[in-house]
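Working notes, structure below.
The values are calculated or read from the model by the stated rules, or taken from the named source; none is laboratory data. None of the values given here were measured: they were computed from a predicted structure. Neighbour counts are summed over all protein chains in view; Cβ atoms, including those assigned to glycine, are modelled from backbone coordinates with ideal geometry.
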Amino acid sequence: MLLIKNGQIKTMAGADIENGCLLLGDDGKIAAVGADIVCPEGAQVIDAEGRLVTPGCVDAHCHVGLDNQGMGWEGRDYNEIVDPITPQMRAIDSINPMDEAFGLGLKGGVTTVCTGPGSANVVGGTFVAMKLAGKRVDNMIVKEPLAMKCAFGENPKRCYGQGSKKAPMTRMGTAALLRELLFKTRRYMEDKEAGKNPGFDFKLESMIPVLKGELPLKAHAHRHDDILTSIRIAKEFGVKLTLDHCTDGALIADELAKEGLPAFVGPTFGGKSKIELINKSFDTPKVLREAGVDIAIITDAPVIPIQYLPMCAGLAHNAGLDYEESWKAITSAAAKLTGIGDRVGSLEVGKDGDVVIWTADPMTVLAAQSACTIVDGKIVYQA
């Protein structure tokens, strides 16, 4: 067992606990949280010395492990650019858990990531939620499959229409390909349910959980019209949807609030490398949240290195996002909105023992980093 004492405990599930304690069990779960916990005999003790103690941070959208650092072409395993429709791809088959980003993320206080295919394809395959600590992907999974990646806007057009001169060359081409896949999947499902034998189709089999509402579409969309197109198509087929990137979200915040869909905002730090990023701003999380849109803040790592997720939330807070909302965007809200809130994102009894003791508060101190990172009740990084 592991007891953390004398911490400023930010549970993300109620009031903070000043000079609080946190007990992690041998099963890697949180056993107790409170102001006064009796230390079990034989337990390891960490004195937080008044430092901030929070849940491990959660990145709702990145490509960690699929785009390996310092490897060039050999490490780019996130886009299967031979066919714009590849729902049968699974992120877990490309992830390299020995990539440097995993250790850097833990040092930065990030313990869980939602990682998966890139945005070259109209439909790219499934994401996975996983811990950053471990050697074998199968043992690091929090939830798999997590979501089905789809993409709108510049990237599919550039990778196919501009590159290989095939569809999609336009935004309407992207929408048409996605609709066609959803139509075909619905008919395939109906034939199977009617006892007919449509013949096995790997792509359509992979899309069935989306049509059944078991798996959301994870829509890469920066520009305002692309965001609204993704919503239009989701409504047509009655499928679940998350709005990933949502760069122009502030321009249509009132419309997005009506839809009740979560927005995963980022990557915001850095330059505007293409036209659809022209409205990129750290003001966006504030505008969306004040309009009533549920948000998470993301790195899209390696676009922003994964260890800087807390910094991005801090910069959003500096731009006006409420302090508590800034923390939620990389902990409890990020976990809940991605469907893993039963495991991570808050310090509650029974949840995974993923904890960070900070050198300073990253919402207010740019140089803050983890003094100690704990995953599943085990210390995985200590400064």
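Points to keep in mind about this one:
- Within segment 268-305, considering residues that are among the aliphatic types (A, V, I, L, M) and in contact with a Cys (Cβ under 6 Å, 6 or more places away or on another chain), the one surrounded by the most Cβ atoms within 10 Å (Cβ to Cβ): Ile297
- Verdict on Val58 being part of a loop (DSSP other than H, G, I, E, B), hydrophobic (A, V, I, L, M, F, W, C), crowded, with 17+ Cβ neighbours inside 10 Å and under 24 Å from the mean Cα position of the chain (by Cα): no
- Selection over segment 43-55 of residues that are in a loop (DSSP other than H, G, I, E, B) and loosely packed, with under 14 Cβ neighbours inside 10 Å gives a count of 2.
- The criterion of at least 2 residues that are in contact with a helix residue (DSSP H, G or I) (Cβ under 8 Å, 6 or more places away or on another chain) and over 20 Å from Asp244 (Cβ atoms) is met by the following strands (runs of 3 or more DSSP E) wholly inside segment 264-383: 370-375, 378-382.
- Within segment 254-270, the set of residues being over 17 Å from the mean Cα position of the chain (by Cα) and at pLDDT 95 or above comprises Asp254, Glu255, Leu256, Ala257, Lys258, Glu259, Gly260.
- Taking the criterion of being surrounded by 14 or more Cβ atoms within 10 Å (Cβ to Cβ) and hydrophobic (A, V, I, L, M, F, W, C), the residues of segment 61-77 that qualify are Cys62, Val64, Leu66.
- Residues that are touching a helix residue (DSSP H, G or I) at 6+ places or on another chain (Cβ under 6 Å) and either modelled with pLDDT under 95 or buried (at least 24 other Cβ atoms within 10 Å of the Cβ) (or both) within segment 96-114 comprise Ala101, Gly105, Gly108, Gly109, Val110, listed in sequence order.
This table checks each residue for (1) closer than 27 Å to Cys246 by Cα; (2) aromatic (Phe, Trp, Tyr); (3) part of a loop (DSSP other than H, G, I, E, B).
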| residue | (1), (2), (3) |
| --- | --- |
| Thr11 | no, no, yes |
| Leu23 | no, no, no |
| Ala32 | no, no, no |
| Glu41 | no, no, yes |
| Val64 | yes, no, yes |
| Glu74 | no, no, no |
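- Considering residues of segment 206-231 that are of a type in the set (D, E, K, R) and touching a residue at least 24 places away in the same chain (Cβ under 8 Å) only, the residue farthest from Ala120 (Cα to Cα): Asp225
- Every residue from segment 217-233 that is outside any helix (DSSP H, G or I) and out of contact with any strand residue (DSSP E or B) (no Cβ under 9 Å at 6 or more places or on another chain): Arg223
- Test: residue in segment 168-191 that is modelled with pLDDT of 95 or more, polar (S, T, N, Q) and surrounded by fewer than 14 Cβ atoms within 10 Å (Cβ to Cβ): yes
- Residues that are assigned to a helix (DSSP H, G or I) and closer than 18 Å to Ile233 by Cα within segment 158-178 comprise Arg171, Met172, Gly173, Thr174, Ala175, Ala176, Leu177, Leu178, listed in sequence order.
- Test: Glu214 is part of a loop (DSSP other than H, G, I, E, B) and surrounded by fewer than 17 Cβ atoms within 10 Å (Cβ to Cβ): yes
- Any hit, segment 294-303, residues being farther than 26 Å from Asp67 by Cα, modelled with pLDDT of 95 or more and more than 19 Å from the chain's Cα centre (by Cα): no
- Cross-chain or 6+ apart pairs with Cβ under 7 Å, segment 126-150 first and in contact (Cβ under 8 Å) with a residue 60 or more places away in the chain and over 30 Å from Pro168 (Cβ atoms), then aromatic (Phe, Trp, Tyr) and crowded, with 24+ Cβ neighbours inside 10 Å: Leu132/Phe102
- Scanning segment 234-263 for residues that are small (Gly, Ala, Ser) and either out of contact with any Leu (no Cβ under 9 Å at 6 or more places or on another chain) or not in a strand (DSSP E or B) (or both) yields Ala234, Gly238, Gly249, Ala250, Ala253, Ala257, Gly260.
- Checked against the criterion of being more than 18 Å from the chain's Cα centre (by Cα) and under 17 Å from Ile4 (Cα atoms), the candidates Ser346, Ser370 yield just one match: Ser370.
- Every test in (1) more than 30 Å from Ile9 (Cβ to Cβ); (2) of a type outside the set (Val, Ile, Thr); (3) without any contact (Cβ under 8 Å) to a residue 60 or more places away in the chain is passed by Glu276 save one, and that test is (3).
- Qualifying position, being buried (at least 24 other Cβ atoms within 10 Å of the Cβ) and of a type in the set (D, E, K, R), among Asp354, Asp342, Asp322: Asp354
- Meets criteria (more than 21 Å from Ile141 (Cβ to Cβ), modelled with pLDDT of 95 or more and in contact with a Cys (Cβ under 9 Å, 6 or more places away or on another chain)) for Val58: no
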